[in-house]
Amino acid sequence: MGDLASALQVGLPRRAVIREVGPRDGLQGERPVPPAGRARLIRSLIAAGLSRIEAVSFVSPRHVPAMDGAAAVLAALGDRRGVSIAALVPNLRGAELALASAVDELTVTVSASPTYNEHNVHMSIDASLDAIAAICDLAAAAGQSGPGIPVDAVVSCAFGSPYEGDISPDEIARLAERLRGAGAAAITLADTTGMGTPRVLAEVLDAVPGEVGLHLHETRGTGMLNLYAALTMGVGRFDSSVGGLGGSPFAAGAAGNVATEEVVALLDDLGIETGVSVEDVITAAQLAADLVGHPVPSRLAQAGPRTRLD
Ligand code: MG
C-alpha cells in the first residue's frame with residue numbers, strides 16, 4: 001500500500017455498527033404507511049444485513065400520525081433472531097407499551113437545545129432527564145432474568161441549535177454524563193439540523209468521554225463528510241436511514257438523515273466491516289420509495305454503486 005493509501009486508513013475502526021432508523025425517523029414525517037408496509041420494509045432491511053433497527057415509535061398518534069400502529073408493525077415482523085429491534089419512546093407510558101411488545105432496546109431523546117426540547121417534547125431539559133431516568137429504571141427491571149433492556153439516549157442538536165446557535169462542548173459532555181448517570185447504556189449525539197462540521201464534531205468528541213454513536217444529517221451537505229471525519233476520530237457507531245429519508249417535523253429544513261446505502265458503500269470502500277449489503281439496501285430503498293410515494297433523496301439509490309457487475 002502506498003503512503004497516501006496507508007494514511008487514509010490511519011485511525012479508522014475495523015468494523016462499524018449501523019443502526020437503521022428509516023422505519024421510524026425516515027417515515028415519521030411522511031404520509032402514514034400502514035403497519036404491513038412498514039413491517040415489509042423492516043424485513044427487507046433485515047434481509048440486507050442490518051442487525052440493529054429502530055423500527056417504531058410509541059408516541060401518541062395525535063402527535064405523529066405516521067407512527068400509529070407500532071405494536072402491529074412489531075407483531076407483523078415474524079422471525080427476528082439475531083436482530084435488535086428498538087422503539088423510540090417519548091415518555092414512561094410509551095416505554096410500558098414498547099416493553100409489552102417485546103422490543104430489544106429503547107431509544108429516548110433529549111435535546112442539548114432548551115428551546116428545541118420545549119418544541120419537541122414540551123419539557124425542560126431537567127424534566128426530560130427525570131423522565132429518562134424513570135424509563136431507564138423500568139427498562140432495567142424488564143426481561144425475566146437478563147440485564148434488562150438497554151436504553152440508548154440520543155442527544156439532539158448536539159452540534160448546534162437552530163434556536164441557541166453553538167452549544168458549548170462542555171454542556172454536551174455534562175448532559176452525556178447525566179444521561180449515563182440516569183441509566184442510559186449508550187449515548188448517541190445527533191446533528192438534528194445539520195449544523196455539524198468536522199471542526200465542531202472534533203470539539204464535541206474531544207469534550208465527551210467514552211464511546212458515543214453519531215446520528216448525522218445531510219441538511220447542509222456535510223453528512224457524509226462528517227461521517228468520514230468521525231471515522232478518523234475513532235467513532236464506530238452510526239445511525240442512518242434507508243434512502244436518506246427523514247428529518248425533523250419540529251425543525252424547518254432539517255431534512256435528510258445520512259442514507260444507509262451511502263454509508264455502507266463508503267465503509268465498504270474503506271474496508272470497514274458492517275455485515276450489510278449495499279445492493280440489498282438499495283432494493284430496500286426502492287421499496288421505501290414505493291411506500292412513501294416519491295423518490296428517496298439518496299444519490300446512491302438513484303445512481304447505483306460505483307461499480308456494478310451486471
Ligand atoms: Mg434524524
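Confirm whether Ser6 is free of Cβ contacts under 8 Å to residues at least 12 places away in the same chain and among the polar types (S, T, N, Q). In short, yes.
For segment 211-231, check the following and say yes or no: at least one residue is at pLDDT below 95, surrounded by fewer than 19 Cβ atoms within 10 Å (Cβ to Cβ) and away from the ligand (no atom under 13 Å from the Cβ). Among the residues of segment 211-231, at least one is at pLDDT below 95, surrounded by fewer than 19 Cβ atoms within 10 Å (Cβ to Cβ) and away from the ligand (no atom under 13 Å from the Cβ), which makes the answer yes.
Among residues of segment 215-233 that are farther than 21 Å from Val110 by Cα and among the small types (Gly, Ala, Ser), those with a Cβ under 6 angstrom from a residue that is open to solvent by less than 10 Å² (accessible area, probe 1.4 Å) and away from the ligand (no atom under 15 Å from the Cβ), sequence gap 6+ or separate chain, pair up as Ala229/Leu201; Ala230/Leu201.
Among the numbered criteria (1) touching an Asp or Glu at 6+ places or on another chain (Cβ under 6 Å); (2) open to solvent by less than 10 Å² (accessible area, probe 1.4 Å), which one does Asp191 miss? So Asp191 meets the others, but not (1).
If you go through segment 257-308 and keep only what is part of a helix (DSSP H, G or I), among the charged types (D, E, K, R) and surrounded by fewer than 17 Cβ atoms within 10 Å (Cβ to Cβ), you end up with Asp268, Asp269, Glu279, Asp290, Arg299. Within segment 109-137, the residues that satisfy the criterion of being touching a residue at least 40 places away in the same chain (Cβ under 8 Å) and over 14 Å from Pro90 (Cα atoms) are Ala112, Ser113, Pro114, Thr115, Tyr116, Asp137. Taking the criterion of being among the small types (Gly, Ala, Ser) and touching a Gly at 6+ places or on another chain (Cβ under 8 Å), the residues of segment 1-38 that qualify are Gly11, Ala16, Gly22, Gly26, Gly29.
Looking only at residues in segment 44-89 that are modelled with pLDDT of 95 or more and among the polar types (S, T, N, Q), the one that is surrounded by the most Cβ atoms within 10 Å (Cβ to Cβ) is Ser57.
Only residues that are within 13 Å of the ligand (Cβ to nearest atom) and either open to solvent by 10 Å² or more (accessible area, probe 1.4 Å) or without any contact (Cβ under 8 Å) to a residue 24 or more places away in the chain (or both) were counted in segment 17-29, giving 3.
With respect to Ala190, is the statement that it is closer than 18 Å to Glu171 by Cα, within 13 Å of the ligand (Cβ to nearest atom) and not hydroxyl-bearing (Ser, Thr, Tyr) true? For Ala190, the condition - closer than 18 Å to Glu171 by Cα, within 13 Å of the ligand (Cβ to nearest atom) and not hydroxyl-bearing (Ser, Thr, Tyr) - is met. Only a single item in (1) within 14 Å of the ligand (Cβ to nearest atom); (2) of a type in the set (Val, Ile, Thr); (3) touching a residue at least 60 places away in the same chain (Cβ under 8 Å) is not met by Ile172, and it is number (1).
The values are calculated or read from the model by the stated rules, or taken from the named source; none is laboratory data. Just so it is clear, the structure is predicted and the values come from calculations on it, not from any experiment. When we count neighbours, we look across all protein chains shown, and the Cβ atoms used for this are built from the backbone with ideal geometry, even at glycine. With ligands, DNA and RNA removed, areas are computed over all heavy atoms of the protein, side chains included. Shrake-Rupley method; radii C 1.70, N 1.55, O 1.52, S 1.80 Å.
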